[in-house]
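Trainee: After the structure tokens below, expect a handful of questions from me.
The values are calculated or read from the model by the stated rules, or taken from the named source; none is laboratory data. It should be emphasised that the depicted structure is a prediction, and the values quoted were computed from it without experimental measurement. Neighbour counts are summed over all protein chains in view; Cβ atoms, including those assigned to glycine, are modelled from backbone coordinates with ideal geometry. Keep in mind that these areas ignore ligands, DNA and RNA; they rest on the heavy atoms of the full protein, side chains included. Shrake-Rupley method; radii C 1.70, N 1.55, O 1.52, S 1.80 Å.
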Amino acid sequence: MDYSADQSGFRQRKLQPNILARNSSMDASDASQLFEDTSGARHGSQAGYKPQTGDHGFPGFSDPMSNLAMAYGSSLATQGKELMDKNLDRFIPISKLKYYFAVDTVYVGKKLGLLVFPYMHENWEVNYQQDIPVAPRFDVNAPDLYIPTMGFITYILVAGLALGTQNKFSPELLGVQASSAFVWLVMEVLAVLLSLYLVTVNTDLTTIDLLAFAGYKYVGMIVGVVLGLLFGRLVYYLSLLWCCAAIFVFMIRTLRLKLLSESAAEGRLVRGTRNQLRMYLTMAIAAAQPVFMYWLTFHLVR
């Protein structure tokens, strides 16, 4: 009896794994069947639906609609760019600014020498090619904005160095120095424009030309301050005096061809109230340069 019990028990123990394996295989078949039926029903429900897409993959937009939207957007962008360029060129003539920066190393060297020692230069007329002035790199008499721009930046750096030697340097004080120099430059150009309007001078001088001529004084200012820092205040006064005389001669000989009449510019005496006003205006513009040079530099050298 024990053997049969043990045998039956043994058989039960042997049969249980088979039953479990059979049950697990049935569950797996049911699960696979359930997955296949569910996915098949899902695919069957969506078999008749096909999304409408254009070339760019946006549902609901056909090719003509997307092309029309792209064409309309590009036309709006083109019109906006043309309008911005037109209004920007009205206030800031970018196309003309390229002319004033068309310089090279040879021109810069000759121009700096002319600003410091203008006494031996004879021909002050600007060369033209088909009624258009040649680029500054081909004519040392042509005005440019490269030297005034670099001169202004260098003046601010030298002013910061001078303030540092006096133990007065601070970012705020350097900003005040830069803003004051810029304001004086703008006021000078505006004053010259107003004077030209009141005197009714017909000239080809533009606002950029006046800005360039007014910015040439920074070269003499830099020379005076640097020499003053190296050799003392007496050398500052002597060098600044030389540079002031040089810029005065430079401005007189340059502006007389632009402001005076043709005969007066050639040195012949021309009588008339209007021509005398032009001559006084030319001398006033030239005489204002040394005043600004001293005013913006005297406190930098102790």
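Trainee: For Y72 and S170, what does the FRET efficiency come to when R0 = 41 Å and r is the distance between their Cβ atoms, rounded to the nearest 0.05?
Mentor: 0.15
Trainee: Another question, then. At a Förster distance of 45 Å, what's the computed FRET efficiency of A191 paired with Q79, Cβ-Cβ distance as r, to 0.05?
Mentor: That pair, A191 with Q79, gives E of 0.70.
Trainee: Something else now. Could you check how much of the accessible area of the range 116-212 is carbon and sulfur, as a whole percent, using a 1.4 Å probe?
Mentor: 66 percent
Trainee: If you wrap a convex hull around the alpha carbons of the range 166-221, what volume per residue comes out, as a whole number of Å³?
Mentor: 93 Å³
Trainee: Quote the FRET efficiency, to the nearest 0.05, computed for D104 versus I153 with a Förster distance R0 of 30 Å and r equal to the Cβ-Cβ distance.
Mentor: That pair, D104 with I153, gives E of 0.95.
Trainee: Let me ask something else about it. Among rounded, prolate and oblate, which fits the range 183-255 when a ≥ b ≥ c are the square roots of the eigenvalues of its C-alpha gyration tensor, a/c under 1.5 means rounded, and a/b larger than b/c means prolate?
Mentor: Here the range 183-255 falls in the prolate category.
Trainee: Sticking with this one: HN-Hα J couplings of the range 163-169 from phi, Karplus 6.51/-1.76/1.60, θ = phi - 60°, integer Hz, Gly and Pro as x?
Mentor: Working through the residues one at a time gives 5, x, 5, 9, 6, 10, 6 Hz.
Trainee: Where only protein heavy atoms count, and the probe is 1.4 Å, what is the accessible area per residue for the range 167-302 in Å²?
Mentor: Ligands and nucleic acids excluded, the result is 53 Å² per residue.
Trainee: What length, rounded to one decimal in nm, is gained on full extension from Y119 through to M65, with 0.36 nm per residue of separation minus their alpha-carbon distance?
Mentor: Gain in length upon complete extension: 12.2 nm.
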